[in-house]
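The values are calculated or read from the model by the stated rules, or taken from the named source; none is laboratory data. As the structure is a prediction and not an experimental result, all values here were calculated from the model. For neighbour counting, all protein chains shown are included, and Cβ atoms are generated from backbone atoms with ideal geometry for every residue, glycine included. These area figures cover heavy atoms from the full protein model, side chains too; ligands, DNA and RNA do not enter into them. Shrake-Rupley method; radii C 1.70, N 1.55, O 1.52, S 1.80 Å.
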Amino acid sequence: MMALRIVLTLALLGAFTDALYHKGGPVKLLSRKNFDAEVVQTDMVSIVEFYAPWCGHCKALAPAYAKAASNLEGLVTFGAVDCDLESNKQLCGEYRVQGFPTIKVFPSKAVTKPGSKRRTKAPTDYGGPRTAKGLVDAATYALPQRFITKVRSPGDLAEFMQKSALPKVLLFSTKSASTPLYKGLSTRFSQHLQFGEARNTDAALAEALNVTSFPQLLVLPASAEAEAIPYTGKLKASELIDFLQKQAGIEPSEEKPGKSKAGKDSAKKAAKEEVPEVEVVPLVQLDAVEGLAAQEDAHLLAFFAGSVVTCAKELQALNKEVAALAGLIEAAAVNASESAALSSMGLPVDMQALRSKPCSLQVFLLPFGDSSDADEWSKYTGSMNAKELQSFALTAFPASVPRVDEASLQPFLGLEPKVPKVLLFTDKEATPRLFAALAANMRNRSMLFADVHTSQTAVMEKFGVKKVPAMRVAFLPGPTGAAAEAQDPLDPENDRRLAIQAFPGPYTYAGMAAFLTAMSDALGLAEGAIEDQAVTVSQVNDQEALQQACPSRGGICVLGVLDVNSSGFEGQKSVLEVAAGRHADHPLRFAWIDSNQQPSFLAGFGLSPTDAPTVLAYSASKQRQARLRGTYALETIDKMLNGLLAGREATSPLQEVPRLVDGGQAGDSTGASDAAVEDEFDLSDILGEDVGAGSASKEDLLKQIDAQLLEEEQRQREESSAQPSTKKKGKRRKKSGSKGYSSSKDEL
């Protein structure tokens, strides 16, 4: 009986394993034995899913994955590796698979490691939407241009014909760029045919080859005497592959790519299967909320009070819509049944409403940065659909991406020479929030972000931008290490001129994130070690000195707030000077003030003398400010400044730059005794009235001042609470540069 159970169990497991993808279908079944031949030792682009047959996410993905594979059959290899099989575990380990499904994009180009003859490929992780369209977009974007030669004239044609003895394929296209179909064909037949591309506007070339209609594909035999063979079929991948196989002299396989009956049946079967919801929103315990709030990433937290089974419908709806956000924001579902624990944590969840409707999700947005203070959370009141949810989520990100113009372009491109620069060209008056979110979420990648308004026509022309939105990545190709450091990236005389890569679209968060991730991985431009060299940073103690140190249109002003009476003053000043040395080539102006001498100046930034030592930064022209978060140390200051330059650091509005009191205020750090200071303290200057002999005692007057200050603080709190949102929430929304979450602002 036990043996029968084992046999039945194994049979069921075998059937379960086979249920995802079928032999002969559009998805290749990959293993340790065939992986190298099918993926690595080929010029084909490959999308590979590493999966486990018991994984709910994998089962949910299977129909879309099979559909994408069927759509691109013959042009891109779609494969799947069952990591549950003992024979595949080493392979899955080699590619660092830590969860299921893991999807990796293997490029066309392989490299040979030094000292080895074995070709390898460096894949990139796919992080886009788990839909057929998302997978197709990623696959077609990865298709290379390198197998296509541009042919623009009869002279180009003669050169093209002499490149090799292979038959030549020439396409006269009406498109300004090579299509994914043609790039896929050039990749598939790279070892058998040589591909060229001409434009329908190349009249002399078209006339020389008797081409009168477009698009037109020709096969030009290697023999000069042979006539060109025009393709007269439909511009379909399967028919073009059949035609080119014959011209290349390749024997067609028994089952032709794109015409596999088993593949079509498999795709149809998968499409008809009921697709379970993708579980992209993990369930977390209540005690995990504190840890999530302390993270820098923005989060959506959905609270419910029923069981997972009872609330399955609502949780699945949340899963579906968050999945459509394609990695824009982290999310989690929290069971808030333990109301006592919830109350003790001070979270803004309405427990009374949850008790009456346990499955009515209460969704909160935790903004980018430290959101451990629950007062900064924003409650979502819209409907459960991806468009509204995205608009709401985008308010979590700071609108701190710098805007460059013709004057500031070169300094921006010169920042951190080995770090790619990402430029978005837009007609929006403010940085599009989708781009700001992209910059914030890619803060751990070595990239700097900026945007350019369409009014900057000279900059647009320099980057070849004719319509917006348009995204360009500027980077330095060529040597790295010491050789790279020895060259000036902006010097037109050397070979390390900036290369420009255009983003082909689509202008969605998933599309842009996948593109930049792939570029970052491909370039491998790690930030080099920084040689610490301090520069002198001067004290400012009057308004004229501040204006000289930090002109109103001179970039970002960085002020060290130091206490000269502190025993650690000299060390704190040295830290600031080293930080200034690290950023000597950046548009940052450094100075420091004595916190004891300028309390009213500090108050204008929401600081007090007791906050020293710290660092504050502001832009007078942009009316934005930021302050150091965390310990006063070189690395935290450096991180803050790099974040500001890259558009990753959260900033807040600044109505106007406060003025320094010339010479400092009373109560300064001149070393005078407390008694001496008190004698010089003129109460009439503060109260605006004469203090005569018959007036109240000095102690009483000081109490009056304290009372007035408390009254002013109470008035400000009341004004703030009268706003539509909470005090903290309103502050955060200003920080993100948004007055709500209108979907029109989400578009680039």
(Q) Step by step: first the residues of the stretch 640-666, then only those that are within 20 Å of Phe435 (Cα to Cα) and assigned to a loop (DSSP other than H, G, I, E, B), then the one that is most open to solvent (accessible area, probe 1.4 Å). Which residue is that? (A) Arg648
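Each row is one residue, and each column tells you yes or no for (1) in contact with a helix residue (DSSP H, G or I) (Cβ under 7 Å, 6 or more places away or on another chain); (2) modelled with pLDDT under 90.
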position	(1), (2)
Cys55	no, yes
Phe78	yes, no
Lys109	no, yes
Tyr126	yes, yes
Q | Filtered residues of the stretch 174-187 (kept if basic (Lys, Arg) and open to solvent by 60 Å² or more (accessible area, probe 1.4 Å)) | A | Lys175
Q. What pairs can you find where one residue is in the stretch 329-353 and of a type in the set (Asp, Glu), the other is surrounded by fewer than 17 Cβ atoms within 10 Å (Cβ to Cβ) and modelled with pLDDT of 75 or more, and their Cβ atoms are less than 7 Å apart, with a gap of 6+ or different chains?
A. Glu330/Asp297
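Here are some residues: Ser574, Ser567, Ser600. Which one is open to solvent by 30 Å² or more (accessible area, probe 1.4 Å) and within 20 Å of Pro653 (Cα to Cα)? Walk me through how you get there before you give the answer.
Details: Ser574 fails: within 20 Å of Pro653 (Cα to Cα); Ser567 fails: within 20 Å of Pro653 (Cα to Cα).
The unique qualifying residue is Ser600.
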**Q.** Residues located in the stretch 458-478, provided they are modelled with pLDDT of 90 or more, open to solvent by 20 Å² or more (accessible area, probe 1.4 Å), in contact with a helix residue (DSSP H, G or I) (Cβ under 8 Å, 6 or more places away or on another chain) and not charged (D, E, K, R)
**A.** Ala458
Q. When only residues in the stretch 616-633 that are of a type outside the set (Gly, Ala, Ser) and open to solvent by 40 Å² or more (accessible area, probe 1.4 Å) count, which is nearest to Val540 (Cα to Cα)?
A. Arg627
Q. Any residue at all in the stretch 97-115 that is within 27 Å of Ala326 (Cα to Cα), outside any loop (DSSP other than H, G, I, E, B) and not hydrophobic (A, V, I, L, M, F, W, C)?
A. yes
Q: Please go through the stretch 625-634 and pick out each residue that is touching a strand residue (DSSP E or B) at 6+ places or on another chain (Cβ under 7 Å) and part of a loop (DSSP other than H, G, I, E, B).
A: Leu628, Tyr632
Q: Find the residue count for the stretch 37-60, including only residues that are in contact (Cβ under 8 Å) with a residue 60 or more places away in the chain and either outside any helix (DSSP H, G or I) or surrounded by fewer than 23 Cβ atoms within 10 Å (Cβ to Cβ) (or both).
A: 12
**Q.** Options Ser360, Ser344, Ser372, Ser337: the member that is modelled with pLDDT of 85 or more, open to solvent by 20 Å² or more (accessible area, probe 1.4 Å) and farther than 25 Å from Gly127 by Cβ
**A.** Ser360
Q. Between a first residue in the stretch 188-210 that is under 30 Å from Phe78 (Cβ atoms) and of a type in the set (A, V, I, L, M) and a second residue that is assigned to a loop (DSSP other than H, G, I, E, B) and at pLDDT below 90, which pairs have beta carbons less than 9 Å apart while being 6 or more apart in sequence or on different chains?
A. Leu193/Leu166; Leu193/Pro167
Q: Name every residue in the stretch 387-415 that is over 17 Å from Asn642 (Cα atoms), over 19 Å from the mean Cα position of the chain (by Cα) and aliphatic (A, V, I, L, M), in order of residue number.
A: Ala407, Leu409
Q: Take Ile637 and decide whether it is open to solvent by less than 10 Å² (accessible area, probe 1.4 Å), in contact (Cβ under 8 Å) with a residue 40 or more places away in the chain, more than 20 Å from Pro367 (Cβ to Cβ) and assigned to a helix (DSSP H, G or I).
A: yes
**Q.** Residue list for the stretch 288-304, restricted to those being assigned to a loop (DSSP other than H, G, I, E, B) and out of contact with any strand residue (DSSP E or B) (no Cβ under 7 Å at 6 or more places or on another chain)
**A.** Gln295, Glu296
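For (1) more than 20 Å from Leu645 (Cβ to Cβ); (2) under 32 Å from the mean Cα position of the chain (by Cα); (3) at pLDDT below 85, each residue gets a yes or a no:
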{"site": "Gln487", "(1), (2), (3)": "yes, yes, yes"}
{"site": "Leu516", "(1), (2), (3)": "no, yes, yes"}
{"site": "Asp532", "(1), (2), (3)": "no, yes, yes"}
{"site": "Asn541", "(1), (2), (3)": "yes, no, no"}
{"site": "Pro551", "(1), (2), (3)": "no, no, yes"}
{"site": "Gly554", "(1), (2), (3)": "no, yes, yes"}
{"site": "Leu559", "(1), (2), (3)": "no, yes, no"}
{"site": "Glu570", "(1), (2), (3)": "yes, no, yes"}
Q: Answer yes if at least one residue in the stretch 75-82 is assigned to a strand (DSSP E or B) and of a type in the set (Gly, Ala, Ser), and no otherwise.
A: yes
Q) Among the residues of the stretch 312-325, which ones are free of Cβ contacts under 8 Å to residues at least 60 places away in the same chain, surrounded by fewer than 20 Cβ atoms within 10 Å (Cβ to Cβ) and hydrophobic (A, V, I, L, M, F, W, C)? A) Ala312
Q. If only one of Ala545, Ala584 is surrounded by fewer than 18 Cβ atoms within 10 Å (Cβ to Cβ), more than 18 Å from Thr636 (Cβ to Cβ) and modelled with pLDDT under 85, which one is it?
A. Ala584
Q: Within the stretch 16-36, track down each residue that is of a type in the set (Gly, Ala, Ser) and either modelled with pLDDT of 95 or more or open to solvent by less than 20 Å² (accessible area, probe 1.4 Å) (or both).
A: Gly25
Q | Considering residues of the stretch 286-299 that are over 14 Å from Ala331 (Cβ atoms) and either among the β-branched types (Val, Ile, Thr) or at pLDDT below 70 (or both) only, the residue least open to solvent (accessible area, probe 1.4 Å) | A | Leu286
